[in-house]
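This report refers to the structure that appears directly beneath it.
The values are calculated or read from the model by the stated rules, or taken from the named source; none is laboratory data. Owing to the predicted nature of the structure, the values given are computational and were not obtained by experimental measurement. All Cβ positions, glycine included, derive from the backbone under ideal geometry; neighbour counts span all protein chains shown.
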């Protein structure tokens with residue numbers, strides 16, 4: 001039986017991957033490039049993972065497959081790849097894949113990626129750090145004057161963890177209390193035994209080794225048995241210098257989207273979705289993050305091997321997120337196109353990204369070694385990244401052109417605004433507040449075209465002086481009827497679709513500017529045009545294929561042949577699994593696979 005393992009990697013950039021592989025830092029991926037086929041993929045607007053991984057797996061353009069973040073389409077109604085599989089009794093396993101695609105009862109879903117601002121129900125305790133230097137850890141932080149990301153009321157583009165809590169000195173030792181999302185609490189005490197740290201938690205004593213994660217400790221919380229572990233960063237009680245990291249604690253039953261899937265992944269180590277410390281050279285305990293991320297990656301690899309090699313799943317898919325985090329935190333300091341580029345510091349940031357790619361490389365090596373000859377491995381991403389230069393507040397700009405009226409929270413007053421954007425739709429689609437269609441619609445049918453025309457004109461004239469050169473903030477803006485060529489149609493799509501220029505990022509400033517330089521270094525992807533590119537990286541997705549039936553040593557150069565689209569991989573998976581293509585929008589990537597008759 002033919003099987004496909006889709007190891008999705010948020011943000012994986014082909015130029016960076018090729019450079020690190022060429023340096024010898026990625027031996028397994030280098031072998032995949034040499035013995036398999038590779039190409040870049042053109043993302044949809046927005047160049048967000050939620051949109052592009054959903055279209056990647058569904059095989060249908062964004063107008064069909066994507067309602068909005070956390071809002072899956074009905075597989076049977078759209079006839080997507082998962083529906084085609086279920087009709088022929090083929091099963092797919094989605095493990096930590098975006099929840100915006102529905103792995104219904106015919107398939108298996110585990111720990112769907114939680115992309116919402118509210119607390120994740122499967123998380124009991126957030127990953128946290130406890131320190132005797134709480135004031136220093138939290139008091140000298142620069143208060144950001146900008147929020148970057150979409151939606152504007154819950155921007156999360158910095159990948160800051162906010163993970164430090166005080167460690168209190170008591171007669172028993174150093175104490176900290178783990179506080180849960182639903183009011184759970186658990187107090188731990190850190191003492192000394194033979195000059196080494198000893199942790200007392202839930203009636204158990206555990207000796208800890210500095211600069212290393214402990215074994216997993218089982219305890220009861222939220223009505224279930226759960227697991228936690230700890231990392232001693234600093235332990236010098238004589239100088240009151242103690243810091244300890246605590247892993248995320250998840251609820252095993254709440255990770256299961258399909259209750260009948262029960263024991264399919266009965267693993268000794270728990271699944272966790274995020275780590276304590278962000279991937280940056282400025283962090284004291286970067287190695288703790290690299291270890292956590294690698295163990296999560298290998299956990300995913302083991303689940304792929306279990307489900308495809310031993311439990312007869314035809315398709316397994318995930319999204320690993322370490323690489324994307326490293327881009328957000330590091331690319332803005334090591335890409336010469338960034339306004340924050342510093343040659344003296346660039347190598348340290350570049351090296352963190354390289355180490356994150358190496359975590360991925362070791363996981364890919366295990367998959368390549370242990371999968372059978374009937375399995376095709378796809379290493380793929382949804383987009384890349386390029387550095388930020390300017391922040392754009394779309395609502396402030398539309399207010400200047402009398403298209404919206406903002407309330408005290410800086411959001412449209414729908415009783416007075418002619419246009420607005422939906423939080424769940426990615427921040428690059430503008431909707432006319434049309435009477436008879438919108439609950440608070442104020443624009444008449446007769447005025448619809450005029451409002452669209454005024455909006456397009458405003459977007460086309462949004463400009464900034466960039467070191468003496470006038471640059472447009474918006475790279476393209478299309479009416480819905482004109483956006484069909486980029487995959488936008490149907491009742492969910494906005495009346496106007498647009499994308500920002502390279503280096504421009506969505507956000508909100510406390511200074512209430514509609515456009516201004518970003519205040520801190522960073523990189524982004526979602527708001528910028530899918531073709532954004534620098535000499536170091538670009539916004540295209542990446543795809544590598546390896547296995548029996550895959551063309552060896554082939555690279556499709558998008559500059560001469562054009563890129564494949566985000567719907568092409570699902571069509572190719574359907575082709576490999578012997579499924580019909582009539583309800584899929586993508587084309588089979590015939591240039592990347594061998595013809596069964598010709599051998600080429």
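Total residues in the stretch 543-586 satisfying the condition of being assigned to a helix (DSSP H, G or I), out of contact with any strand residue (DSSP E or B) (no Cβ under 9 Å at 6 or more places or on another chain) and more than 20 Å from residue 531 (Cβ to Cβ): the figure is 3. The residue that is nearest to residue 128 (Cα to Cα), among those in the stretch 270-291 that are in contact with a strand residue (DSSP E or B) (Cβ under 7 Å, 6 or more places away or on another chain) and part of a helix (DSSP H, G or I), is 288.
Among the residues of the stretch 479-502, the ones that are surrounded by fewer than 18 Cβ atoms within 10 Å (Cβ to Cβ) and in contact with a strand residue (DSSP E or B) (Cβ under 7 Å, 6 or more places away or on another chain) come to 1 in all. Applying the criterion of being touching a helix residue (DSSP H, G or I) at 6+ places or on another chain (Cβ under 8 Å) and more than 15 Å from residue 576 (Cα to Cα) to the residues of the stretch 83-93, the residue that is surrounded by the most Cβ atoms within 10 Å (Cβ to Cβ) is 93.
For the stretch 205-245, which residues satisfy the criterion of being assigned to a loop (DSSP other than H, G, I, E, B) and closer than 17 Å to residue 296 by Cα?
Going through the stretch 205-245, the residues assigned to a loop (DSSP other than H, G, I, E, B) turn out to be 208-209, 211-212, 214-216, 222-223, 229, 240.
Of everything in the stretch 205-245, those that are assigned to a loop (DSSP other than H, G, I, E, B) and closer than 17 Å to residue 296 by Cα turn out to be 212, 214, 215, 216, 229.
Restricting the stretch 292-309 to residues that are within 13 Å of residue 5 (Cβ to Cβ) and out of contact with any strand residue (DSSP E or B) (no Cβ under 7 Å at 6 or more places or on another chain) leaves a set whose member that is surrounded by the most Cβ atoms within 10 Å (Cβ to Cβ) is 301. Considering the stretch 407-424, the residues that are touching a residue at least 24 places away in the same chain (Cβ under 8 Å) and touching a helix residue (DSSP H, G or I) at 6+ places or on another chain (Cβ under 9 Å) include one that is farthest from residue 494 (Cα to Cα), namely 409. Within the stretch 587-600, the set of residues being outside any helix (DSSP H, G or I) and modelled with pLDDT of 95 or more comprises 587, 588, 589, 593. For the stretch 503-514, a tally of residues being within 13 Å of residue 390 (Cβ to Cβ) and crowded, with 20+ Cβ neighbours inside 10 Å returns 6. Restricting the stretch 172-185 to residues that are in a strand (DSSP E or B) and touching a residue at least 40 places away in the same chain (Cβ under 8 Å), the residue that is nearest to residue 246 (Cα to Cα) is 178. Evaluate the stretch 157-167: report whether one residue or more is exposed (fewer than 15 other Cβ atoms within 10 Å of the Cβ) and outside the structural domain of residue 321 (by TED's automatic domain parsing). Checking the stretch 157-167: at least one residue is exposed (fewer than 15 other Cβ atoms within 10 Å of the Cβ) and outside the structural domain of residue 321 (by TED's automatic domain parsing).
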